[in-house]
Amino acid sequence: MRFKKAGLLLMAFLMVGGTGAYAATKSKTVQATVSNLKYVLNGSNWTPQSKTQPVVINGQTYIPVSLAKEATNTNITVDSKSGKMSFGEKLTKTPLDKEKMIYHTGNYAALTRDAKYTEGKNKEVSLINNLGFIEYFPDGKYQTMILDLKLFDGSGKIILKDLETGNQVQTLFLEEGKIEQVEVNVTNITGKGIRLTMEAENYSKGTALVVLPTSHYK
């Protein structure tokens, strides 16, 4: 039973230091102590959102995967079926609509097939105006969110906000009629998701933001 618990624990934690992993997994008896460490990130004292504590097993310190993700902004996922642990971006692209997303405030944020906003192979696009917003839920599965955006009828500013922390992840001023690609690190976006809004420079113009279907996670 102790061996099984050790195996599960090692899947959930990353070891600090390269030696001792083999010995720890082969050991018949595992002694684990919760470590109440203080953290320094890039030279400054740091308090993580993750509340899971590191542990010391047979003299080696193991840190939680959630802590490593938060500190490094690198996505780390474990596939229990394949037995693989993945670091960083995924090789394949996942369209945003393959994960949960919510359109808010009625017609002010919605899917549209209006020919004014669709062009080329795009039969349907996501549309946001000044009163609407879209929330996306990458849920810790991806490292990067790629947004292909285009403004119609005026210029304005887009705002991406982490709804868990309330922090603005990114703001960017866009010009009318130009497709802009925005990359956002969503490694630590979990729980309440991330919100995309648009603030028009001139509200009277009826400026609209289009999110093209080429937008994706990786």
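The values are calculated or read from the model by the stated rules, or taken from the named source; none is laboratory data. Note that the coordinates shown come from a computational prediction; the quantities given were computed from them, not determined experimentally. Positions of Cβ are generated from backbone atoms using ideal geometry, with glycine treated the same way; all protein chains shown enter the neighbour counts.
Annotation note: Cβ proximity below 7 Å between a residue of region 167-180 that is within 14 Å of Ile194 (Cβ to Cβ) and a residue that is of a type in the set (Asp, Glu) and part of a strand (DSSP E or B) (sequence gap 6+ or interchain) occurs for Val169/Asp162.
Restricting Ser215, Ser204, Ser155 to residues that are surrounded by 15 or more Cβ atoms within 10 Å (Cβ to Cβ) and either touching a Phe, Trp or Tyr at 6+ places or on another chain (Cβ under 8 Å) or without any contact (Cβ under 8 Å) to a residue 24 or more places away in the chain (or both) narrows the list to Ser155.
Selection of first residues in region 84-100 that are surrounded by 12 or more Cβ atoms within 10 Å (Cβ to Cβ) and of second residues that are in a helix (DSSP H, G or I), restricted to Cβ pairs under 9 Å at least 6 apart or on distinct chains, gives the following pairs, ordered by first then second residue: Met85/Met11; Met85/Val65. Annotation note: of Glu99, Glu89, the sole residue that is modelled with pLDDT of 85 or more, in the same structural domain as Thr187 (by TED's automatic domain parsing) and not basic (Lys, Arg) is Glu99.
Of note, Asp148 satisfies the criterion of being farther than 12 Å from Gly193 by Cβ, part of a strand (DSSP E or B) and either more than 24 Å from the chain's Cα centre (by Cα) or not β-branched (Val, Ile, Thr) (or both). Within region 162-196, the set of residues being closer than 20 Å to Asn130 by Cα and touching a Gly at 6+ places or on another chain (Cβ under 8 Å) comprises Leu163, Phe173, Leu174, Glu176.
At pLDDT 85 or above, farther than 21 Å from Val169 by Cα and outside the structural domain of Val186 (by TED's automatic domain parsing), is that true of Gln31? For Gln31, the condition - at pLDDT 85 or above, farther than 21 Å from Val169 by Cα and outside the structural domain of Val186 (by TED's automatic domain parsing) - is not met.
Among the candidates Gly191, Gly120, Gly140, Gly166, the residue that is assigned to a loop (DSSP other than H, G, I, E, B) and farther than 30 Å from Asn73 by Cα is uniquely Gly120. Residues in region 27-66 that are aliphatic (A, V, I, L, M) and farther than 25 Å from Tyr142 by Cβ: Val30, Ala32, Val34, Leu37, Val40, Val55, Val56, Ile57.
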